[in-house]
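**Student:** Let me begin by handing over the structure; questions about it come next.
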Amino acid sequence: MEDDEFSDTYEEGDEEKAEELDPENPQHYFPIMEKNFNKVIAEIESNPEAAVFADEYNKLFEAFFNAYNKQKELDEETKQLHEQIVEKDKKISLAVNLADEDKKTIDSLKSQITHAWKLADAAHSREQVAQEIIDNLRRQVENLNAEIDFRNKLNQDTEEYAPKYDLFVIFAFCTRYILIGILKLESCYKRK
């Protein structure tokens with residue numbers, strides 16, 4: 001470090017500046033140290049017996065100056081790293097919140113799918129029951145048609161002995177069975 005980096009002489013402004021420097025303020029530490037260094041160097045150089053130590057004292061202050069600058073750089077780097085950590089922490093918090101919301105959405109969709117499958121199974125069961133009822137009604141209609149045919153043949157063969165069935169009575173009888181089947185279907189759908 002060269003001597004011109006530090007001021008060797010004191011001016012009247014330096015005393016006023018020194019009065020402004022606060023030893024409790026960390027930003028004023030180095031200017032106060034520099035002022036004290038200049039004062040000590042001036043005293044050492046004015047004393048011929050101590051002049052041999054001036055070069056060593058200069059080297060010592062130069063090492064202090066380099067350490068001070070390095071500390072300022074490290075403080076700035078630490079500040080930047082802290083800001084990055086805070087920023088990354090915010091991003092992580094946001095990602096965790098989004099992941100939680102996604103999990104809730106997935107769980108909700110799973111429950112909706114499960115509910116839809118249950119509804120589909122119930123509808124399938126109702127459809128099977130309805131199909132069975134329809135098949136039973138068809139069989140009943142076929143049986144009634146067969147019975148009507150049988151009675152018609154019987155009436156033709158033995159008109160004198162058999163009571164005559166009116167076609168209207170037979171139709172009403174068939175309609176009754178069909179209505180009973182429809183009511184069974186409706187009650188099956190209402191239960192589900």
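**Student:** From GLU45, GLU62, which residue is touching a residue at least 60 places away in the same chain (Cβ under 8 Å), in contact with a helix residue (DSSP H, G or I) (Cβ under 9 Å, 6 or more places away or on another chain) and outside the structural domain of LEU185 (by TED's automatic domain parsing)? I'd like the intermediate steps shown before the answer.
**Tutor:** Working: GLU45 fails: touching a residue at least 60 places away in the same chain (Cβ under 8 Å).
None of the others qualify; the one that does is GLU62.
**Student:** Something else now. Out of all the residues in segment 162-172, is one or more part of a helix (DSSP H, G or I), small (Gly, Ala, Ser) and at pLDDT below 80? First the steps, then the outcome.
**Tutor:** Looking only at segment 162-172, we keep the residues that are part of a helix (DSSP H, G or I), and these are 167-172.
Cutting the leftovers down to small (Gly, Ala, Ser) gives us 172.
In the following step, the residues that additionally are at pLDDT below 80 were identified as 172.
Among the residues of segment 162-172, at least one is part of a helix (DSSP H, G or I), small (Gly, Ala, Ser) and at pLDDT below 80, which makes the answer yes.
**Student:** Kindly indicate which of ASP107, ASP89, ASP55, ASP102 is over 41 Å from the mean Cα position of the chain (by Cα) and part of a helix (DSSP H, G or I). Write out each step before concluding.
**Tutor:** Details: ASP107 fails: over 41 Å from the mean Cα position of the chain (by Cα); ASP89 fails: over 41 Å from the mean Cα position of the chain (by Cα); ASP102 fails: over 41 Å from the mean Cα position of the chain (by Cα).
Sole residue among the options that is over 41 Å from the mean Cα position of the chain (by Cα) and part of a helix (DSSP H, G or I): ASP55.
**Student:** I need a count of the residues in segment 119-146 that are of a type in the set (A, V, I, L, M), closer than 25 Å to ARG176 by Cβ and either surrounded by 12 or more Cβ atoms within 10 Å (Cβ to Cβ) or in contact with a helix residue (DSSP H, G or I) (Cβ under 7 Å, 6 or more places away or on another chain) (or both).
**Tutor:** At the first step, the residues of segment 119-146 found to be of a type in the set (A, V, I, L, M) are 119-120, 122-123, 129-130, 133-134, 137, 141, 144, 146.
Then keep just the ones that are closer than 25 Å to ARG176 by Cβ; that gives 129-130, 133-134, 137, 141, 144, 146.
Subsequent filtering for residues that are either surrounded by 12 or more Cβ atoms within 10 Å (Cβ to Cβ) or in contact with a helix residue (DSSP H, G or I) (Cβ under 7 Å, 6 or more places away or on another chain) (or both) retains 129-130, 133-134, 137, 141, 144.
Of the residues in segment 119-146, 7 are of a type in the set (A, V, I, L, M), closer than 25 Å to ARG176 by Cβ and either surrounded by 12 or more Cβ atoms within 10 Å (Cβ to Cβ) or in contact with a helix residue (DSSP H, G or I) (Cβ under 7 Å, 6 or more places away or on another chain) (or both).
The values are calculated or read from the model by the stated rules, or taken from the named source; none is laboratory data. Computed from a predicted structure; not experimentally measured. For neighbour counting, all protein chains shown are included, and Cβ atoms are generated from backbone atoms with ideal geometry for every residue, glycine included.
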